[in-house]
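To keep things clear, I will list the structure first and then write my remarks on it.
The values are calculated or read from the model by the stated rules, or taken from the named source; none is laboratory data. This is a predicted model, so every value here is computed, not measured. Every residue, glycine among them, receives a Cβ derived from its backbone with ideal geometry; neighbour counts consider all protein chains shown. Calculation scope for accessible area: heavy atoms of the full protein, side chains included, ligands and nucleic acids excluded. Shrake-Rupley method; radii C 1.70, N 1.55, O 1.52, S 1.80 Å.
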Amino acid sequence: MKPADAASLVILREGDDGPAVLMGQRSARHRFMPRALVFPGGRIDREDRMAPAPSCPGLPPAFAAAALRETVEETGLVPARDVPLAYLCRLVTPAHLPIRFDARFLVAGAEAFSGTLGGSGELEFLRWVALTEAVTLELSQPTRVVMEELSSWLSLGPGGRDTHVPGTWRHRGGALRRFPAGQFTARKASSGP
């Protein structure tokens with residue numbers, strides 16, 4: 001089965017404990033990754049392919065449109081008209097799963113959003129998670145990989161982030177591998193996505 005195009009948004013803010021990201025828990029009703037702590041996001045809809053969206057270098061506009069639409073729906077936060085976006089990485093779920101996604105992860109600063117956390121209820125327990133706390137949490141393998149990508153991206157500093165090469169993570173040979181490898185090593189494949 002061909003994976004569906006999807007997009008997620010990593011909203012980043014500086015907190016008392018350093019950088020933090022907005023995350024929520026997927027409802028137990030979801031067939032894909034129920035109860036997992038994730039970033040807002042989802043499948044690209046037909047409307048996203050025609051919607052106006054801010055530029056995200058390296059990606060077609062539909063990915064930005066989907067990431068922002070899903071963020072509004074799932075969190076209640078509304079982006080500024082021209083929110084600056086960066087392309088962080090891509091992750092393709094393995095072929096053996098009944099539900100598959102070819103997901104792109106984008107990054108935006110929290111200062112470009114307004115509103116009150118709430119949303120549709122698709123994501124529950126919305127909260128800001130410090131990166132220092134995230135490493136201690138039980139995260140799915142894909143979410144942990146995205147956190148590592150984010151940490152690497154942040155380490156480049158504002159002036160060096162333009163040199164970041166968004167990697168593609170795929171399951172190969174029993175491990176989740178990044179292409180190009182860069183500074184990352186393969187991760188042992190888990191039983192889940």
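Things worth noting here:
- Condition check for Pro94: over 16 Å from the mean Cα position of the chain (by Cα), closer than 18 Å to Arg43 by Cβ and open to solvent by less than 40 Å² (accessible area, probe 1.4 Å): yes
- Number of the condition not met by Val38 [criteria: (1) touching a helix residue (DSSP H, G or I) at 6+ places or on another chain (Cβ under 7 Å); (2) at pLDDT 95 or above; (3) closer than 19 Å to Thr168 by Cα]: (2)
- Some residue of the range 41-62 being in contact (Cβ under 8 Å) with a residue 12 or more places away in the chain, open to solvent by less than 10 Å² (accessible area, probe 1.4 Å), outside any strand (DSSP E or B) and charged (D, E, K, R): yes
- When residues in the range 154-176 are screened for being open to solvent by 40 Å² or more (accessible area, probe 1.4 Å), at pLDDT 90 or above and farther than 19 Å from Pro57 by Cβ, 2 of them pass.
- Filtered by the rule that a residue be on the phi > 0 side of the Ramachandran plot and surrounded by 13 or more Cβ atoms within 10 Å (Cβ to Cβ), the range 107-151 gives a lone residue, Gly119.
- Top-ranked residue in the range 177-193 [being assigned to a strand (DSSP E or B) and farther than 23 Å from Val21 by Cβ; ranked as modelled with the lowest pLDDT]: Lys188
- Annotation: Asp102 fulfils all but one of (1) farther than 22 Å from Pro19 by Cβ; (2) modelled with pLDDT under 90; the unmet one is (2).
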